[in-house]
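Written out below as structure tokens is the structure these notes cover.
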Amino acid sequence: LQSRQQTGLPRELIFVDNGSRDGSREWLKGLQARFDWVRVETQDRNLGFAGGCNAGLRAARGATLAILNNDTLVETRLLQKLLTALDEDPRTGLVAPVSNYVMGSQQVQLLPTESQEDVEAIADRLEREAPGKRSEVEHLAGLCLLGRRAFFEQTGLFDPVYGLGNYEDNDLCLRARIADHRLIVVHDAYVHHFGNRSFRDLGIDYESQLESQRRLHRQRWQGCLLFELEEAVLADDHASILELSETLPPDAPGRDWCLRIRAKALVDSGRQEEARRLYTEFCERHPLHTESACLLAFCHLDNDDVERGRQLLARALGECHMDDGFAASVLARLAHWCWTRSLRAEAHQHLAAARKIRPGALSTTIVESGFLLEEERYDEVLSVLTPLRDEAHTDILANLGIAHFHKGNLEQAIADFEEGARLGGPGSAAAANLAQVRALA
């Protein structure tokens, strides 16, 4: 209610009572009687998240529609920030804030001193740390969304088949991308989310329900090329990705996103030049997709187009939003690139910057261990990586195996390579090292 005055625009606030039996309906009716801009939509039974949201969206009269979970607290400047982001590009379908309790790039880590009582202070901090920062993503969580009425008229509302909740936002976002709408995270806008309150109140096992919804979502979208490609990404199945995306017609559903997935698989397969072409096409239309902007830069660097690669990477580091972990991984990869070009001093500079941004990041430690291996400092490699063995990372195990091999610990080296190959697959460094060691034996 406090945020009503922030935009100066006409507004209505619609509460959807989703079949409550705890007195909420009576309290909301009292609120409606006090404020002429408050309306209550009552349902005789719980229609689930999709059904409840749809009831509110259908009742709304405005040109711009916002959705907000009931288990949230919002900062007073939220609507203005979301509206500003929505109006920046007519292709934007939905915008969303960051939150403490959400998956993916929308998640923001709270400081040890911050809690639900500090919503405004958290928003102030984000305005200092990420002023005006946006990023384009594949999925936005349904806990808080803002979009135009025209978007919902074209794409459709939430699908009520998802029942009480989970994956209805995945479904909506997939339809949005197929229809060429952009999904934007506003990194200086904050919503505090308590998380899964409705499921707990109903006595539902959240994890079991989530898996059931996942199966339903898979069944509904089987046969859609974009969905099949994204499933192959989750399975780390590069061969299927390249086969499925070999020929992409101009009218392929979600063609831009199919191109992005193919480009990443091409990078992982060593086909940098073709990947560079596809990433260039994708980034021209989706410049705020952080991962793609960085990978395009590395495609240029790896193809020895150094000046252009450095320009693109500097732009990505300056313009795209990156959390500390991703920024550290980018700098670590740049450090590795510099090392392979014998730019050792610059490599150490980038590695030091990565460590400063995210102390103890795996990406940084793996690159550092690679430097130590080349300098034949095997005891230091073992000291750095042995405590991280339980992370079950293929590159950690590959480097541990190399260090053990050179220290004469052949049995342990083989064990590390075998586990690394199991995790990374036949194309991994661990698998290649395992084959070489067995050939020597």
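The values are calculated or read from the model by the stated rules, or taken from the named source; none is laboratory data. Predicted model, so just to flag it, every value in this text is computed and none were measured. Note: ideal-geometry Cβ built from the backbone for every residue, glycine included; neighbour counts use all protein chains shown. Heavy atoms of the whole protein, side chains included, go into the accessibility calculation; ligands, DNA and RNA do not. Shrake-Rupley method; radii C 1.70, N 1.55, O 1.52, S 1.80 Å.
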query: Can you pull out the GluC sites (Glu not before Pro) in segment 159-264 that DSSP calls coil and that have at most 15 other Cβ atoms within 10 Å?
result: E246
- prompt: What accessible area per residue, rounded to a whole number of Å², is obtained for segment 208-280 using a probe radius of 1.4 Å?
  reply: 51
message: Ignoring ligands, DNA and RNA, please state the percent of accessible area on segment 153-261 from carbon and sulfur, probe 1.4 Å.
response: 49
- line: Averaged per residue, the 1.4 Å probe accessible area of segment 1-109, protein heavy atoms only, in Å², is roughly 55
statement: In this structure, the FRET efficiency calculated for E411 and E26 from their beta-carbon separation, with R0 = 60 Å, to the nearest 0.05, is 0.25
query: What is the helix-to-structure angle for 306-319, meaning the angle in degrees between its Cα long axis and the longest Cα principal axis of the chain, kept from 0 to 90 and rounded to the nearest 10?
result: 30
- prompt: Can you give the calculated 222 nm mean residue ellipticity of the chain, where each DSSP H run of n ≥ 4 adds -39,500 (n - 2.57) and the sum is split over every residue, rounded to the nearest 500 deg cm²/dmol?
  reply: -17000 deg cm²/dmol
Loop trypsin sites (Lys or Arg not before Pro), segment 60-91, which have at most 13 other Cβ atoms in a 10 Å radius of their Cβ (DSSP): R61, R91
- prompt: In terms of Cα to Cα distance under 12 Å, which aspartates and glutamates are near enough to K356, apart from those fewer than 8 places away along the same chain?
  reply: D324
Label point distance in nm, E346-Q107, each placed 7 Å from Cα along Cα→Cβ: 3.4
- request: Give the carbon-plus-sulfur fraction of the accessible surface of segment 270-323 in %, rounded to a whole number; probe 1.4 Å, heavy atoms of protein chains only.
  value: 46
Label-to-label distance, nm, for residues given as R310 and K356 (7 Å Cα→Cβ offset): 1.9
- line: Here the Cα Rg-to-2.2 N^0.38 Å ratio for the chain is 1.11
- request: Can you tell me the 0 to 90 degree angle between the C-alpha axis of helix 206-221 and the longest principal axis of the chain, rounded to 10?
  value: 90
query: Per residue, how many Å² of accessible area does segment 313-388 show with a 1.4 Å probe?
result: 50
- prompt: Given R₀ = 30 Å, FRET efficiency for R34-A150 by Cβ-Cβ distance, to 0.05?
  reply: 0.40
query: Within straight cross-link reach of K407, meaning Cα distance under 17 Å, which aspartates and glutamates are found once same-chain residues fewer than 8 apart are removed?
result: E374, E375, E376, D379, E380, D416
task: Would you mind calculating the gained length between E12 and T247 on full extension (0.36 nm times residue separation, minus the Cα-Cα distance), in nm to one decimal?
output: 79.8 nm
query: Once amide H atoms are built 1.01 Å from N in the peptide plane, which residues 5 or more positions from S135, or in another chain, come under 5 Å H to H?
result: V185, H187
Nearest-ten-degree value, helix 48-59 long axis tilted from longest Cα axis of the chain: 50
Euclidean distance of C-alpha centroids, segment 294-328 and segment 69-115, integer Å: 26
field: Net charge, G401 excluded, C-beta distance under 13 Å - Lys, Arg +1, Asp, Glu -1
entry: -1
field: R218/E374 FRET efficiency (R0 41 Å; Cβ-Cβ; nearest 0.05)
entry: 0.40
task: Could you calculate the contour length gain from D268 to A179, that is, 0.36 nm times the residue separation minus the distance between their Cα atoms, to one decimal place in nm?
output: 29.2 nm
message: Suppose every Lys and Arg Cβ carries +1 and every Asp and Glu Cβ carries -1, with no other charges. What dipole size does the chain come out with about its Cα centre, to the nearest 20 debye?
response: 1140
task: Please say if segment 120-221 is rounded, prolate or oblate, where rounded means a/c under 1.5 for a ≥ b ≥ c the square roots of the C-alpha gyration tensor eigenvalues, and otherwise the choice is prolate for a/b larger than b/c and oblate otherwise?
output: oblate
statement: Expressed in nanometres to one decimal, the distance between label points 7 Å along Cα→Cβ at L157 and Q436 is 6.1
field: Those GluC sites (Glu not before Pro) in segment 359-441 that DSSP places in a loop and that have at most 15 other beta carbons within 10 Å
entry: E375, E376
